[in-house]
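For reference, the structure discussed in these notes is given below.
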Amino acid sequence: MSDPRQPAFAVRPAAAAPPAERIHTLDVLRGIAICGILLMNIHGMGDVADYPLTRFPAAWNGEWIAWGIQTVFVQGAMRGLFTILFGASMLIMLRRAEGDAGGAGASPRPLDIWVRRSIALMGFGVAQWLLFLWPGEILWNYGISGLFLLAFRSARPRTLLIVAALLTMALAANTAFWTHQQVVQLEQGQAAAARAQRGLPVTADDRSAIAAERAHRASIRPSTEQRAERIAQRTHPLGLLHWSAGYWMRENLTITGWVDVAESVSFMLIGMALFRTGILTGTAPAATYRRMLVGGYAGGLLLRGAHVALLARTGLDMGSPLAPGWAWIAAEAVFEPARLLMTIGHIGLAVLLFRAGLFGQAVTLRAMGRMTLTVYCLQSILGAAIFYAAGYVGQFSLPQLWLIAAGIWLVSAILCRVWLARREMGPAETLLRRIAYGGPKAKGHAAPL
């Protein structure tokens, strides 16, 4: 096998690598993940509706096709890939804490560094919504989740996978419970609305259910007036900051935030297991990646495809009589395992293509993978400039937003190539490293996230 410090397509296990060595496969996977995440985030940045669809019922047009591709291949899966890689990053940083031979040479200092790094990521998360005006950021979540990982830093792959499986099952059960509650409420709201139309009395609970049912429908198809109000809010400085703060706090400082942390921890544990077994470093047998590709995509496409078909048939309406309540409960409950399967399929495909040389030397992807934190921040900054400062929010369809995302990829790629031609790491990575180490640090292998 060729030397990973040269332009190669496979590398030695991370445990055998000197600290300054780049693991090319990890950088490629990070580059793919940071590009894929923008495909999901670009709608939240550039539109004011909850869903990127304006034409109902479902049809074979660009809008619905792009949404279907996004839902099956991108939604959750790219975030899952990024989260898995975060787990691998922890092991890269803490390798010395575990020692190279059963704890020999272990030092508590890397643990201190990791804690400071996690807290710094939380700070980057605050900057995302407060300064860059992207409240859908994931860095706050990663900072908190990273602290929980310390309890598993020396765990064996089998233990890591068992804990991740338990968390995934718990998350699926939680989703099933809340989906059932929502379905029941929507059914109650529809029945209560019908009684009210006939002039029959309704209770306070009925009125709440009616309001929830109407809000559900409005989230799918906002009126022209609602869209105009949201656009006005996001193009006014104080309104935009109010929206960003409110969105971020609901997602991170409520029970939803802790559910998301559990979700991230489960994927990070899987990432730690895949790193320890050499899968994420590209050193596993080719058959392993073929099994990941076939098994991951077979299960993921089946589950995600069925969910998309359900959404298309009902026009995204969980209260539609075209589908029974149990179908919604089942479809939502399998979201976590389904996106995990898609993520596993992505990893298998990407590594096989890279090892086969079909990405070439993947210089640009690797450069973006080395500067993922910088690229993530740049995506938010450019999104705010295009959609809020320039006033283009709410003006584009999903396919058009994807073209804008491609433009942001191009800008990011150029920046990464130019920057890394002169420096070892990106500006955001340098700042994060200085915070983590409490000052300047000698050159060496750095995990971007």
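The values are calculated or read from the model by the stated rules, or taken from the named source; none is laboratory data. Here the structure is a predicted model, which is why all the values come from computation and not from measurement. So basically every Cβ, Gly included, is an ideal-geometry build from the backbone, and we count neighbours across all protein chains shown. Quick note on the areas: whole protein, heavy atoms, side chains included, nothing else; ligands and nucleic acids left out. Shrake-Rupley method; radii C 1.70, N 1.55, O 1.52, S 1.80 Å.
Here are a few things to note about the model shown:
- Some residue of region 106-127 being surrounded by fewer than 19 Cβ atoms within 10 Å (Cβ to Cβ), among the hydroxyl-bearing types (Ser, Thr, Tyr) and touching a residue at least 24 places away in the same chain (Cβ under 8 Å): no
- Condition check for Trp326: open to solvent by 40 Å² or more (accessible area, probe 1.4 Å), over 20 Å from Leu449 (Cα atoms), in a helix (DSSP H, G or I) and aromatic (Phe, Trp, Tyr): yes
- The number of residues in region 235-262 being open to solvent by 20 Å² or more (accessible area, probe 1.4 Å) and either of a type outside the set (Gly, Ala, Ser) or at pLDDT below 95 (or both) comes to 19.
- Region 128-178: number of residues that are within 18 Å of Gly383 (Cβ to Cβ) and aliphatic (A, V, I, L, M): 5
- Applying the set (1) open to solvent by 40 Å² or more (accessible area, probe 1.4 Å); (2) farther than 30 Å from His236 by Cα; (3) not in a loop (DSSP other than H, G, I, E, B) to Pro321 leaves exactly one unmet item: (3).
- Selected residue (only one of Leu398, Leu373 is within 22 Å of Leu91 (Cβ to Cβ), crowded, with 17+ Cβ neighbours inside 10 Å, in contact with a helix residue (DSSP H, G or I) (Cβ under 8 Å, 6 or more places away or on another chain) and touching a residue at least 60 places away in the same chain (Cβ under 8 Å)): Leu373
- Positions within region 302-316 being open to solvent by less than 20 Å² (accessible area, probe 1.4 Å) and more than 19 Å from Ala172 (Cβ to Cβ), in sequence order: Thr314, Gly315, Leu316
- Test: residue in region 159-179 that is surrounded by fewer than 16 Cβ atoms within 10 Å (Cβ to Cβ), at pLDDT 95 or above, β-branched (Val, Ile, Thr) and part of a helix (DSSP H, G or I): yes
- Per the conditions (1) within 23 Å of the chain's Cα centre (by Cα); (2) farther than 22 Å from Ala165 by Cβ; (3) in a helix (DSSP H, G or I), the sole criterion not satisfied by Gly348 is (2).
- Selection of region 401-428 for residues being outside any helix (DSSP H, G or I), open to solvent by less than 60 Å² (accessible area, probe 1.4 Å) and aliphatic (A, V, I, L, M) yields only Met425.
- Phe359 being under 26 Å from Met292 (Cβ atoms), out of contact with any strand residue (DSSP E or B) (no Cβ under 9 Å at 6 or more places or on another chain), part of a loop (DSSP other than H, G, I, E, B) and among the aromatic types (Phe, Trp, Tyr): yes
- For region 37-68, the set of residues classified as buried (at least 18 other Cβ atoms within 10 Å of the Cβ) and free of Cβ contacts under 8 Å to residues at least 60 places away in the same chain consists of Met40 only.
- Of all residues in region 332-364 being among the polar types (S, T, N, Q) and more than 19 Å from Ile270 (Cβ to Cβ), the one that is surrounded by the fewest Cβ atoms within 10 Å (Cβ to Cβ): Gln361
- Residues of region 376-394 that turn out to be open to solvent by 40 Å² or more (accessible area, probe 1.4 Å) and either in contact with a Ser or Thr (Cβ under 8 Å, 6 or more places away or on another chain) or free of Cβ contacts under 8 Å to residues at least 24 places away in the same chain (or both), as a count: 3
- Annotation: Trp140 fulfils all but one of (1) modelled with pLDDT of 95 or more; (2) surrounded by fewer than 21 Cβ atoms within 10 Å (Cβ to Cβ); the unmet one is (2).
- Restricting region 258-317 to residues that are without any contact (Cβ under 8 Å) to a residue 40 or more places away in the chain and in contact with a helix residue (DSSP H, G or I) (Cβ under 6 Å, 6 or more places away or on another chain), the residue that is farthest from Met342 (Cα to Cα): Leu310
- Condition check for Phe148: touching a residue at least 40 places away in the same chain (Cβ under 8 Å), within 17 Å of Val259 (Cβ to Cβ) and out of contact with any His (no Cβ under 6 Å at 6 or more places or on another chain): yes
- Close contacts from region 355-366, counting a first residue that is at pLDDT 95 or above and a second that is of a type in the set (D, E, K, R), with Cβ to Cβ under 7 Å and a gap of 6+ residues or different chains, come to Thr364/Arg417; Arg366/Asp27.
- Residue match in region 205-218 (condition: closer than 30 Å to Leu341 by Cβ and either at pLDDT 95 or above or over 20 Å from the mean Cα position of the chain (by Cα) (or both)): yes
- If you go through region 202-234 and pick out every residue that is outside any helix (DSSP H, G or I), under 20 Å from Leu53 (Cα atoms) and either open to solvent by 60 Å² or more (accessible area, probe 1.4 Å) or of a type in the set (Asp, Glu) (or both), you end up with 1.
- Complete set of residues in region 73-120 that are assigned to a loop (DSSP other than H, G, I, E, B) and modelled with pLDDT of 90 or more: Gln75, Gly76
- When residues of region 426-449 are limited to those that are small (Gly, Ala, Ser) and out of contact with any Ser or Thr (no Cβ under 8 Å at 6 or more places or on another chain), the one modelled with the highest pLDDT: Ala436
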